[in-house]
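K.L.:
My questions all concern the structure below.
The values are calculated or read from the model by the stated rules, or taken from the named source; none is laboratory data. Since this is a predicted model, take the numbers as computed values, not measurements. Counting neighbours? That spans all protein chains shown, and the Cβs are built from the backbone with ideal geometry, glycine included.
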Amino acid sequence: MSTMKCLITWIGLFFFFSVSFAQIIEKEKEKENQLIEEEAEELSDEEDEEDEEDAELEFFDAVVDFFPESLESDLLKLLNSWYTGYFTNSEAYCEDADVNPTFTDEIYRMRLSRMMTVIPMTFNPSVRQWIETFAGRHRKSMRFIMGMADFYFPIFEQILDNNDMPLELKYLSIIESALKPDALSRVGASGLWQIMLPTGKIFGLEINSLIDERYDAEKATGAFCKYMKEMYDMFGDWHMAIAAYNCGPGGIQRAIRRAGGNVKDYWKLLPHLPRETRTFVQKYIAVAYLMTYHCEHNICPVRSKFSIVTDTIMVSQMLHFDQIADILQIEKDIIRFYNPQYRREIIPGNIRPSVLRLPLEETFAFIDQEDSLYIHRMDELLAHCILADPSNPKSRQQLIFHTVKAGENLNTIASLYGVTAQNLRNWNGLSGTRIAQGRRIRVNVDNGGITFGEQYTTAPPPGPAQVLDRYTYVVQEGDTLSGIAKRYPGVTWQSIQQANGMTTTSLRIGQVLKIP
């Protein structure tokens with residue numbers, strides 16, 4: 001009986017404790033569920049905030065992923081250019097490595113804030129992405145760009161200072177051309193500052209088939225300063241002015257209208273700007289940062305062998321680069337590097353005194369041997385150059401033919417001859433910018449005051465039994481056989497007629513004549 005009571009007692013106690021334990025567990029679960037709900041609400045609030053940040057980051061990421069073809073192309077061309085062979089090793093003090101260290105946002109902000117600049121060096125996720133792009137993917141190109149900057153930046157700084165412009169605008173040239181002096185975009189923008197032909201002429205640059213001052217570092221920088229001053233006066237903000245250099249003032253004004261008007265903040269205009277312009281200022285800030293803090297990213301400049309110390313000479317006669325190279329024993333590529341504005345490697349000193357830039361030592365040698373320079377190989381190199389009649393403006397206009405090469409389009413061809421793509425379309429009955437390789441097109445060039453003969457006229461190739469003589473001449477409006485003959489000493493109109501198998505004296509514009 002006592003055993004039965006004990007059993008009942010144990011069962012009762014077990015039931016009591018089981019119920020109590022179950023109640024305790026249930027209460028704990030209620031508390032746990034309540035905590036989960038509270039955490040879920042907090043997490044939801046945090047996720048909402050993160051979603052807003054993620055949306056901003058996604059926008060920046062989408063922008064960062066767009067790497068303009070022109071900049072990519074210029075960086076690649078820089079590495080493949082002939083002048084990369086004129087670089088020496090980095091300095092011993094600089095620790096060069098292929099690894100780009102990472103830094104916190106706070107460090108980037110601190111470094112940008114310490115840069116002594118007039119233009120604000122804003123930091124945001126897009127700027128960080130571009131810093132890491134240039135310091136990572138393009139670190140090799142940046143080494144060579146720093147070497148090129150040794151030569152160009154002192155020129156830029158002097159002209160920027162003379163025009164009361166922020167010196168840090170010099171970094172914009174890296175975004176434009178990667179400091180490749182002969183940079184030419186697919187739309188025809190040329191030179192270190194990638195100036196379009198109409199813009200260059202508006203700001204006083206001489207552009208024709210003989211000279212293109214968009215490639216002249218000093219004169220092009222002067223035109224750049226005039227343009228940027230107008231943009232800053234128009235918008236009153238340096239970020240907006242820099243963006244306008246990419247898309248033009250019209251692009252900025254359209255973005256302002258889309259944003260509701262009266263918006264004077266580049267960062268608020270981002271969604272309304274053209275695609276490439278949305279990253280333009282960020283790239284500029286990233287390059288300015290990296291040029292200042294390259295050592296912190298294990299990037300050492302590859303120093304150039306080009307002499308930074310140069311001087312200029314005023315040339316008073318027509319002179320060919322080959323004459324200078326032969327007499328001074330200097331590579332023609334070096335002459336071309338210092339004087340890229342002379343498109344045909346001819347300095348037209350006979351038209352007006354023209355500037356020749358050389359390393360300082362070579363300027364002394366030039367002065368010592370100037371008389372020998374002008375007569376050396378003169379008949380061989382300059383005989384095809386005929387001085388245009390200064391009293392007849394039409395004599396500067398010359399019809400030539402251009403055979404389209406691989407990779408060319410109307411914009412790039414137009415830039416070669418100092419004309420516009422629309423000019424080429426009008427002269428050849430074309431539309432669009434694409435044109436088939438091998439096609440011959442008419443180009444009415446401004447010859448810069450020198451009419452070119454065979455060397456610069458892409459005439460039809462001779463047939464198997466046809467041999468071209470020393471010169472050829474392309475007939476222009478108003479030409480006669482006697483007038484053409486007078487251009488060549490010892491040549492008569494009858495000899496031209498005979499050499500070309502002509503039975504009459506009639507000529508047609510564009511006709512290619514052999515000059516005996």
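K.L.:
If you scan the range 322-360, which residues turn out to be surrounded by fewer than 16 Cβ atoms within 10 Å (Cβ to Cβ) and touching a residue at least 12 places away in the same chain (Cβ under 8 Å)?
P.N.:
LYS332, ASP333, PRO353, LEU360 - these are the residues of the range 322-360 that are surrounded by fewer than 16 Cβ atoms within 10 Å (Cβ to Cβ) and touching a residue at least 12 places away in the same chain (Cβ under 8 Å).
K.L.:
Restrict the check to the range 172-187 and report whether at least one residue is within 21 Å of ASN339 (Cβ to Cβ), hydroxyl-bearing (Ser, Thr, Tyr) and in contact with a helix residue (DSSP H, G or I) (Cβ under 8 Å, 6 or more places away or on another chain).
P.N.:
Yes; the residues of the range 172-187 include at least one that is within 21 Å of ASN339 (Cβ to Cβ), hydroxyl-bearing (Ser, Thr, Tyr) and in contact with a helix residue (DSSP H, G or I) (Cβ under 8 Å, 6 or more places away or on another chain).
K.L.:
Between VAL302, VAL315, which is aliphatic (A, V, I, L, M) and either under 16 Å from LEU373 (Cβ atoms) or touching a Pro at 6+ places or on another chain (Cβ under 8 Å) (or both)?
P.N.:
Within the list VAL302, VAL315, the selection yields VAL315.
K.L.:
Which residue pairs have Cβ atoms under 6 Å apart, sit 6 or more places apart or on different chains, and have a first residue in the range 168-183 that is of a type in the set (Lys, Arg) and a second that is at pLDDT 90 or above?
P.N.:
LYS170/PHE153; LYS170/PHE156
K.L.:
Going by the conditions given, is ASP150 of a type in the set (Asp, Glu), in the same structural domain as VAL281 (by TED's automatic domain parsing) and part of a loop (DSSP other than H, G, I, E, B)?
P.N.:
Considered against the rule, which asks whether it is of a type in the set (Asp, Glu), in the same structural domain as VAL281 (by TED's automatic domain parsing) and part of a loop (DSSP other than H, G, I, E, B), ASP150 comes out as no.
K.L.:
While we're here: If you go through the range 144-163 one residue at a time, do you hit one that is within 30 Å of GLN398 (Cβ to Cβ), free of Cβ contacts under 8 Å to residues at least 40 places away in the same chain and charged (D, E, K, R)?
P.N.:
Within the range 144-163, none of the residues are within 30 Å of GLN398 (Cβ to Cβ), free of Cβ contacts under 8 Å to residues at least 40 places away in the same chain and charged (D, E, K, R).
K.L.:
Take the range 170-225 and flag every residue that is among the basic types (Lys, Arg) and more than 9 Å from the chain's Cα centre (by Cα).
P.N.:
Result: LYS170, ARG186, LYS201, ARG214, LYS219.
K.L.:
Right, next: Within the set of pairs 6 or more residues apart or between chains, which connect a residue that is within 11 Å of TYR473 (Cβ to Cβ) and outside the structural domain of TYR473 (by TED's automatic domain parsing) inside the range 490-507 to a residue that is exposed (fewer than 14 other Cβ atoms within 10 Å of the Cβ) and of a type in the set (Phe, Trp, Tyr) with Cβ atoms less than 9 Å apart?
P.N.:
So the pair list comes out empty.
K.L.:
Identify, from the list ILE386, ILE367, ILE400, the residue that is more than 20 Å from TYR473 (Cβ to Cβ) and β-branched (Val, Ile, Thr).
P.N.:
When all the criteria are applied, what remains is ILE367.
K.L.:
Which residues, taken from the range 99-120, are charged (D, E, K, R) and surrounded by 15 or more Cβ atoms within 10 Å (Cβ to Cβ)?
P.N.:
ARG109, ARG111, listed by residue number.
K.L.:
Can you pull out every residue in the range 378-397 that is part of a loop (DSSP other than H, G, I, E, B) and touching an Asp or Glu at 6+ places or on another chain (Cβ under 8 Å)?
P.N.:
Within the range 378-397, HIS384 is the sole residue that qualifies.
One line per residue, one yes/no per condition, for (1) out of contact with any Lys or Arg (no Cβ under 6 Å at 6 or more places or on another chain); (2) surrounded by fewer than 22 Cβ atoms within 10 Å (Cβ to Cβ); (3) part of a helix (DSSP H, G or I):
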position: ASP161; (1), (2), (3): yes, yes, yes
position: ASP164; (1), (2), (3): yes, yes, no
position: TYR171; (1), (2), (3): yes, no, yes
position: GLU176; (1), (2), (3): yes, no, yes
position: TRP193; (1), (2), (3): yes, no, no
position: THR199; (1), (2), (3): yes, yes, yes
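K.L.:
Conditions: (1) touching an Asp or Glu at 6+ places or on another chain (Cβ under 7 Å); (2) part of a helix (DSSP H, G or I); (3) of a type in the set (S, T, N, Q). THR117 meets all but one. Number of the miss?
P.N.:
(2)
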